[in-house]
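Structure first, then comments.
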Amino acid sequence: MTQQNEIILDRREAVARILEDRGDALLITGLGSTTWDAAAVGDHPHNFYLWGAMGGAAVLGLGVALAQPHRRVLVITGDGEMLMGLGGLATIAVQRPANLGIVVIDNESYGETGMQKTHTHHGVDLAGLAAAAGFSASRTIYSRDELEETVSVLYAASGPVLAVVKVKATLAPTVLPPRDGPYLRDRFRGAVLGDRAAG
Amino acid sequence: MNKEGGWSEKIFSVLQNMEIRQAAYVPDAGHARLIELCHADARMKAVSLTTEEEGVALLAGAWLGGERGVLLMQSSGVGNCINMLAMLQECRIPFLTLVTMRGEWGEFNPWQVPMGQATSGLLRDIGVIVYRADTAEQLMDAVNAASHLAFDANRAVAVLIAQQMIGFKDWHK
């Protein structure tokens, strides 16, 4: 392993850095740790947290992106969640949503179930899969400098773009955002659609 | 193979009247014409999926972003959707799917039979309201009523399209 590929990034710091520049972007998080990561940065009406629906985060983000083509949509999910929906990378690539960015916070582990290793620990390259599917840009990030270079790509580059952020497999404190489905749904729709939300 | 007889055009007009803007699908021969119509219409975003559960997530996102959608699939695909459908139940997100049935009426392929026979019960168990259409007339009414139930009353609704409406697959061509 080269020094460049040493895993040094902290998931909470990485997600906080990415969300620092979110502006009015809409955020979808995958179940488990990435939902806690987003909650640790701060709850927001433009956040829709998945507490289930494993494997659905990226494609749910595609649905939002197609419905709101003039807004940026960011999906932040984990490596286990993304691995469950790999076919979605192909579906997203074919649709070519210019306004969609996907971040995989990759600790190479199933964090909620006992830190069992995922396929990424054994070499499965999610950024490579996205590139092979036809994403506009994708990369794997190991350093703060690479993360700094990539934040603007996530929000501004013509999508779909995907960044895999390799993070240490340490458990961060669980920070719970709201979890009631109808509440999250109404809040997100109200923030995005205003008076149209009730219809 | 497909004796569909013009009902795809009628379904499409119902979808247009209901302002359905995203049509997600895993192909079925019975939906072939409807899929063509969705691709040909500039107002509609036709989204080909690798597996049906993507369609459930996609259309949940569509509705959260202010657009209505429909998922077109055959009965075998329903089994791929169950956990994703649980999200719709928890969040009470409107959802419309049109399901062409296999494994019920003169089925040739025995591997289609278990899922076809289980389709209706599985959908109900996960909280999806099930309509069934055995004739073209019933189908128009069912799609129209299901669309209203989905998007006016915020419910997940499936319309099962009977296999006898689609016709026998010719295994000897």
Flag for B:GLY121 being touching a residue at least 60 places away in the same chain (Cβ under 8 Å) and not charged (D, E, K, R) | no
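Considering only residues that are away from chain A (no Cβ under 14 Å) and at pLDDT 95 or above, look in the range B:15-31 and name the one that is nearest to B:LEU72 (Cα to Cα). Walk me through it before giving the result.
From the range B:15-31, those away from chain A (no Cβ under 14 Å) are B:15-17, B:28-31; that's our starting set.
Imposing the further condition that a residue be at pLDDT 95 or above reduces the set to B:15-17.
Values: B:LEU15: 12, B:GLN16: 15, B:ASN17: 17 Å.
My answer is B:LEU15.
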Inspect all residues belonging to the range B:62-70 and state whether any of them is under 12 Å from the mean Cα position of the chain (by Cα), of a type in the set (A, V, I, L, M) and either within 14 Å of chain A (Cβ to nearest Cβ) or surrounded by fewer than 16 Cβ atoms within 10 Å (Cβ to Cβ) (or both).
-> yes
Looking only at the range B:125-135, decide whether some residue is without any contact (Cβ under 8 Å) to a residue 12 or more places away in the chain, surrounded by fewer than 20 Cβ atoms within 10 Å (Cβ to Cβ) and closer than 22 Å to B:ALA24 by Cα.
-> no
Which pairs do you get when a residue that is in contact (Cβ under 8 Å) with a residue 24 or more places away in the chain, found in the range B:140-154, comes within reach of a residue that is in a helix (DSSP H, G or I) and of a type in the set (D, E, K, R), reach meaning Cβ atoms under 9 angstrom, with the pair 6+ apart or on two chains?
-> B:MET140/B:LYS10; B:VAL143/B:LYS10
If only one of A:THR113, A:THR150, A:THR140, A:THR118 is more than 18 Å from the chain's Cα centre (by Cα) and hydroxyl-bearing (Ser, Thr, Tyr), which one is it?
-> A:THR113
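Among what's in the range B:74-89 and is away from every other protein chain (no Cβ under 14 Å) and crowded, with 24+ Cβ neighbours inside 10 Å, pick the residue that is nearest to B:GLY30 (Cα to Cα). Steps first, please.
As a first pass, look at the range B:74-89 and keep what is away from every other protein chain (no Cβ under 14 Å): B:74-76, B:78-79.
If we keep only those that are crowded, with 24+ Cβ neighbours inside 10 Å as well, we get B:74-75, B:78.
Working: B:GLN74: 8, B:SER75: 11, B:VAL78: 15 Å.
If we take residues in the range B:74-89 being away from every other protein chain (no Cβ under 14 Å) and crowded, with 24+ Cβ neighbours inside 10 Å, then B:GLN74 is nearest to B:GLY30 (Cα to Cα).
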Report, ordered by the first and then the second residue, all pairs with beta carbons closer than 8 Å, sequence separation of six or more or different chains, a first member in the range A:145-162 that is without any contact (Cβ under 8 Å) to a residue 60 or more places away in the chain, and a second member that is of a type in the set (A, V, I, L, M, F, W, C).
-> A:THR150/A:ILE141; A:THR150/A:ALA163; A:VAL153/A:ALA137; A:VAL153/A:VAL161; A:VAL153/A:ALA163; A:ALA157/A:ALA137
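Could you identify the single residue in A:GLY80, A:GLY55, A:GLY101, A:GLY63 that is within 30 Å of B:ILE82 (Cβ to Cβ), crowded, with 24+ Cβ neighbours inside 10 Å and out of contact with any Leu (no Cβ under 9 Å at 6 or more places or on another chain)? Explain how you work it out, then say what you get.
On the way: A:GLY55 fails: out of contact with any Leu (no Cβ under 9 Å at 6 or more places or on another chain); A:GLY101 fails: out of contact with any Leu (no Cβ under 9 Å at 6 or more places or on another chain); A:GLY63 fails: out of contact with any Leu (no Cβ under 9 Å at 6 or more places or on another chain).
None of the other options fit; the residue is A:GLY80.
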Among the residues of the range A:54-94 satisfying the criterion of being touching a residue at least 60 places away in the same chain (Cβ under 8 Å) and of a type outside the set (A, V, I, L, M), which is farthest from the other protein chains (Cβ to nearest Cβ)?
-> A:ASP79
Scope the range B:119-132; condition under 16 Å from the mean Cα position of the chain (by Cα) and assigned to a helix (DSSP H, G or I); matching residues | B:THR119, B:SER120, B:GLY121, B:LEU122, B:LEU123, B:ARG124
If you go through the range A:23-45, how many residues are buried (at least 19 other Cβ atoms within 10 Å of the Cβ) and not aliphatic (A, V, I, L, M)?
-> 8
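Please report, ordered by residue number, the helices (runs of 4 or more DSSP H) entirely within the range A:89-199 with at least 1 residues that are touching a His at 6+ places or on another chain (Cβ under 7 Å).
The qualifying helices (runs of 4 or more DSSP H) are A:181-193.
The values are calculated or read from the model by the stated rules, or taken from the named source; none is laboratory data. Treat the numbers as computed from the prediction; the structure is a model and nothing was measured. Methodologically, a virtual Cβ is constructed for each residue, glycine included, from the backbone with ideal geometry; neighbour enumeration extends over all protein chains shown.
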